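Peer 1: Below are the structure tokens for one structure; questions will follow.
The values are calculated or read from the model by the stated rules, or taken from the named source; none is laboratory data. Everything numeric here is computed off the predicted structure, so don't read it as measured data. We place every Cβ from the backbone using ideal geometry, glycine too, and count neighbours over all the protein chains shown. For accessibility, only protein heavy atoms count, side chains too; no ligands or nucleic acids. Shrake-Rupley method; radii C 1.70, N 1.55, O 1.52, S 1.80 Å.
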Amino acid sequence: MALFPFCKTPTGAIRVTRIQLVLYCCLLSLIIYFLHGRKVGGSVKSLHPYFHAIEMARGGDMTDMVAVKAAPAKNPLETPWGAPLVWGDTRSAARRRAKFEEQGMRTGLLVLVVGTYAQFIRRFLSSAEVHFLPGQMVTYYILTDNPRTLDPPIELGPDRQMKVIPVAEQPGWGRLAQRRMALFADAIKDPIGSEVEYVFCADIDQEFVAPVGEEIFGDLVATLHPELYGMPRNAFPYEVEEVSSACVEEDEGDYYYTSELYGGLVSEMYKLVRACSFLILQDQANGLMARGLEESYLNRYLINHRPTCVLSPEYSWWDSDLTADVPVQRLVSLGRQCGALDKEKRDEYKC
């Protein structure tokens, strides 16, 4: 039986009703949507916290998941609320660099290095020296449980310095996710708040591979998640449990942001990490933790306090069948990248 049976006139001609025509147009639109600008991939292993949580709950991996790779037809330069959406090689990004580069601002780059994450510290800092705000005054704030991992000291360029802030070890990924926002809040309150104007928080298992300049500055800056950029709103792994402080309603949310890189004015960043820490503590008191871990609380906050500057997935990228194609890869997540590779490629990437 046909999906939409045609009617025939007495002469044998096919007659299409208005309703059938509308339905066929809708069906054709859906087919074009899925074929144009999207790529069906093979097996993929994503390390997004939400996907990881599902994987652990099922007691297996998700390598049999069929991925749809987003590739938007064109890259918007502005968010729906009028904030700049930054692609590093555009004219608007060049204007932003020109606006900020002469202001002589002091910027902090804040990372947490505990346990086995110490293996990434030298690669991260060496790449940041080349690509992160070249020519600007930058202080690297290293929260670590083992300062000896920085011996011998890494040679830094002019107007660059490093400050080590000892913290107690927080073993385990889950524990780390519960505590990082609180540790960042303490560090921003003292000493960072009195030493720099801007601060950016980054995951240590990343590498700068192309320039990340003054175009990233803003009062409150967030970065689009590369696996979810261009996807429909219902694909975003927001927290949906109403009992969680990170819960997002169906009619909320514009983008899904990554926790790999975010920043802004020190005053705005202190508000962000303090609020997220409080939300996490609320859930902990009730025996809860959002399915996307700290990224869920970050997204909850950024829905209530929309960023004044949004960075494209160029500024947080790794290769998977889910990640959007970008003009330039600027900051690459080694942790998420390496976790998705087989042994041969892990050796190639020096994981």
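Peer 1: With a 1.4 Å probe and all protein chains left in place, how much accessible area per residue does the stretch 121-246 have, in Å²?
Peer 2: That works out to 40 Å² per residue.
Peer 1: Could you give the semi-axes, largest first, of the ellipsoid that matches the stretch 267-351, computed as the square roots of 5 times the alpha carbon gyration tensor eigenvalues and rounded to whole Å?
Peer 2: 30, 19, 10
Peer 1: So, one more: Using a 1.4 Å probe, how large is the accessible area of Ile165, given in Å² and rounded to the nearest 10?
Peer 2: 40 Å²
Peer 1: Asn234 to Asp254: FRET efficiency via 1/(1 + (r/R0)^6), r the Cβ-Cβ distance, R0 22 Å, to the nearest 0.05?
Peer 2: On the way: r = 13 Å, r/R0 = 0.60.
About 0.95, to the nearest 0.05.
Peer 1: OK, next. Could you give the length gained by full extension between Ala94 and Ala118, i.e. 0.36 nm per residue of separation minus their alpha carbon distance, to one decimal place?
Peer 2: Numbers: separation 24, 0.36 × 24 = 8.64 nm, distance 3.47 nm.
That works out to 5.2 nm of additional length.
Peer 1: Calculate, in nm to one decimal, what Met105 and Lys343 gain on full extension: separation in residues at 0.36 nm each, minus their alpha carbon distance.
Peer 2: 81.4 nm
Peer 1: Considering amide H positions built from the backbone, and no H for Pro or chain starts, which residues 5 or more places from Ile165, or on another chain, come under 5 Å of its amide H?
Peer 2: HN-HN under 5 Å from Ile165: Ile142, Leu143, Thr144.
Peer 1: Something else: Give me the net charge of Pro327's neighbourhood, meaning all other residues with Cβ under 9 Å from the Cβ of Pro327; Lys, Arg count +1, Asp, Glu -1.
Peer 2: -3
Peer 1: Hey, another quick one. What whole number of Å gives the distance from the Cα centroid of the stretch 120-152 to the Cα centroid of the stretch 278-345?
Peer 2: Using only Cα atoms to place each centre, the spacing works out to 21 Å.
Peer 1: Please report, in whole Å³, the volume per residue of the convex hull around the C-alpha atoms of the stretch 94-167. Display every interim value, and only then the final one.
Peer 2: Numbers: hull volume 6.6 nm³, N = 74.
Considering the Cα atoms of the stretch 94-167, their hull volume per residue is 89 Å³.
Peer 1: If you place +1 on the Cβ of every Lys and Arg and -1 on the Cβ of every Asp and Glu, how big does the dipole about the Cα centre of the stretch 111-224 come out, in debye to the nearest 20?
Peer 2: Once rounded to the nearest 20, the dipole reads 400 debye.
Peer 1: How high is the relative contact order of the stretch 174-333, in percent, with contacts defined as C-alpha pairs under 8 Å that are six or more residues apart?
Peer 2: 37 percent
Peer 1: Now a separate question. Give the long-range amide H neighbours of Leu110: residues separated by 5 or more places, or on another chain, with amide H under 5 Å away, using H modelled in the peptide plane at 1.01 Å from N.
Peer 2: When sequence neighbours closer than 5 places are left aside, the close amide H contacts are Tyr141, Phe200, Cys201, Ala202.
Peer 1: Let me ask something else. If I compute solvent accessible area with a 1.4 Å probe over the protein chains, what percent of it on the stretch 220-351 is carbon and sulfur?
Peer 2: Working: 2460 of 5270 Å².
That fraction is 47 percent.
Peer 1: Follow-up question, since we're still on this one. Taking 0.36 nm per residue of sequence separation and subtracting the Cα-Cα distance, how much length would be gained by fully extending the chain between Leu281 and Asn146, in nm to one decimal? Please report the intermediate quantities before stating the final value.
Peer 2: Working: separation 135, 0.36 × 135 = 48.60 nm, distance 2.60 nm.
Net length gain for the segment: 46.0 nm.
Peer 1: Quick one: with all protein chains in place, what share of the accessible area of the stretch 124-217 is carbon or sulfur, to the nearest percent (1.4 Å probe)?
Peer 2: C and S atoms contribute 51 percent here.
Peer 1: Oh, and also: Taking the highest mean first, how do the peptides 322-331, 126-135 order by number of other beta carbon atoms within 10 angstrom per residue?
Peer 2: So the order, starting with the most tightly packed, is 322-331, 126-135.
Peer 1: Still on this model: Just to confirm a number: summing +1 for Lys and Arg and -1 for Asp and Glu over residues other than Leu112 whose beta-carbon lies under 10 angstrom from that of Leu112, what do you get?
Peer 2: Neighbour charge sum, excluding Leu112 itself: 0.
Peer 1: Check which residues have an amide H placed less than 5 Å from Glu239's amide H, if you skip close sequence neighbours.
Peer 2: Answer set, sorted by chain and number: Val248.
Peer 1: Right, here's the next one. Need the C-alpha centroid separation for the stretch 76-97 versus the stretch 188-252, integer Å.
Peer 2: So the separation of the two Cα centres works out to 17 Å.
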